[in-house]
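What follows is a set of notes on a single structure, which appears directly below.
No value in this document is a laboratory result; all are computed from the given coordinates. Worth saying up front: this structure is predicted, and the values here are computed from it rather than measured. Virtual Cβ from ideal backbone geometry, glycine too; neighbours counted across all protein chains shown.
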Amino acid sequence: MIFENFTQNIGNYLAVFFTSMTPIGELRASIPLGLGALKLDIYSTLMISIVGNFIPAIVIVYALEPISKFLMKRFKLMERFFTWLFNRTRRKYYKKFEKYSGFALTAFVGIPLPVTGAWTGSVIAFVFGFPQKRALLDIFIGILMAATIVTVIFKTVGYVKFITT
């Protein structure tokens, strides 16, 4: 029975999975897609959405530093850009961000608004020099928070109202 359900829905599961990996849609799109349009069960939708949303965060957190170092060594323009970016951002926002650090990152990822989420949170963690494991923990907690908020709102207002608001 479970295996039959899985094989029948594999295309739907993959649609939810890949939607949750997109930088703009993330959980805000994958959960309504799974629960509303595809009529999947809540547990499968949440698990697939959370895992799919976390995978790009892992890649971004671990890949940005080596990529930036490579670019800085090879291109003078990139060295100037990254030096400017790090100095400006840390000088301008570091005191505020240092005070709330992990909480701020978790809240930023966890509040499901446009331009917030795991993708942007991963970039923020890189720019502010968060330790990678700590950043991933904060991002994962934020993803769980966003999944809860999106699911509650979706279940409360329904599919059509959620998509149109």
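Just the Kirkwood number for the chain, please: inverse of mean 1/r across all distinct Cα pairs, in Å, one decimal.
Taking every pair of different Cα atoms in the chain, averaging 1/r and inverting gives 17.0 Å.
Evaluate E = 1/(1 + (r/R0)^6) for MET47 and ARG88, where r is the Cβ-Cβ distance and R0 equals 45 Å; express this FRET efficiency to the nearest 0.05.
After rounding to 0.05, the efficiency reads 0.70.
Only helices at least 18 Å long along their own axis, judged from Cα atoms, and with Kyte-Doolittle mean hydropathy of 1.0 or greater: name those in the chain from DSSP H.
In the chain, the long hydrophobic H runs are 42-74, 132-157.
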